[in-house]
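What follows is a set of notes on a single structure, which appears directly below.
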Amino acid sequence: NPGVKNLWRLYGDDGLAQTDVLAMEGETVDVGVRTCFFHPAIDYRQVCLQPARVEGLLVKVLEGGRRTGPHLSPGEEIRAARALMETHLGTFDETHKRFLNPHLYKVALTRGLTELKRRFIEGRLSQSAQ
């Protein structure tokens with residue numbers, strides 16, 4: 001997927017994660033607004049959702065070559081990463097976490113990223129055909 005991107009997690013009214021959305025930098029996903037998102041393979045499939053909560057998943061950890069967060073010991077970093085992972089896993093429906101026949105967790109693209117990807121592919125294809 002071309003371009004600089006952002007990543008959002010959308011939650012339903014029940015507090016459970018519904019889907020992750022890959023977006024272009026600067027695109028936002030609004031709470032309470034019904035929006036359609038597209039399958040990453042650029043086909044006809046799409047999902048339309050009205051998220052009750054939206055969480056940005058990308059966190060800046062370096063800026064200008066320097067850490068933006070606190071300096072933690074390796075043990076503290078591992079504990080913090082584990083706690084964050086456990087928090088995120090707690091927001092997934094059990095059907096996604098089971099070992100036998102788990103439901104697939106959906107990842108989708110915004111309209112803007114889908115269109116950029118389509119233009120990129122069409123440009124590459126037309127250049128290689130010449």
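Any read-out appearing in this document is the output of simple, stated calculations on the displayed coordinates, not a laboratory observation. Please read these numbers as outputs of a predicted model, since none were measured by experiment. When we count neighbours, we look across all protein chains shown, and the Cβ atoms used for this are built from the backbone with ideal geometry, even at glycine.
Could you run through the stretch 94-126 and say how many residues are in a loop (DSSP other than H, G, I, E, B), surrounded by 11 or more Cβ atoms within 10 Å (Cβ to Cβ) and out of contact with any strand residue (DSSP E or B) (no Cβ under 6 Å at 6 or more places or on another chain)?
Qualifying residue count for the region: 3.
When both residues are 6+ apart or on different chains and their Cβ atoms are under 8 Å apart, which pairs have a first residue that lies in the stretch 29-47 and is among the small types (Gly, Ala, Ser), and a second that is surrounded by 15 or more Cβ atoms within 10 Å (Cβ to Cβ)?
So the pair list comes out as Gly32/Pro51; Gly32/Ala52.
Do we have Asp13 as of a type in the set (Asp, Glu) and within 17 Å of the chain's Cα centre (by Cα) here?
When the stated conditions are applied, Asp13 does not pass them.
With the structure loaded, tell me whether Thr91 is among the polar types (S, T, N, Q) and not in a loop (DSSP other than H, G, I, E, B) or whether it fails that test.
no
Can we say Arg82 is exposed (fewer than 11 other Cβ atoms within 10 Å of the Cβ), more than 30 Å from Gly123 (Cα to Cα) and among the charged types (D, E, K, R)?
yes
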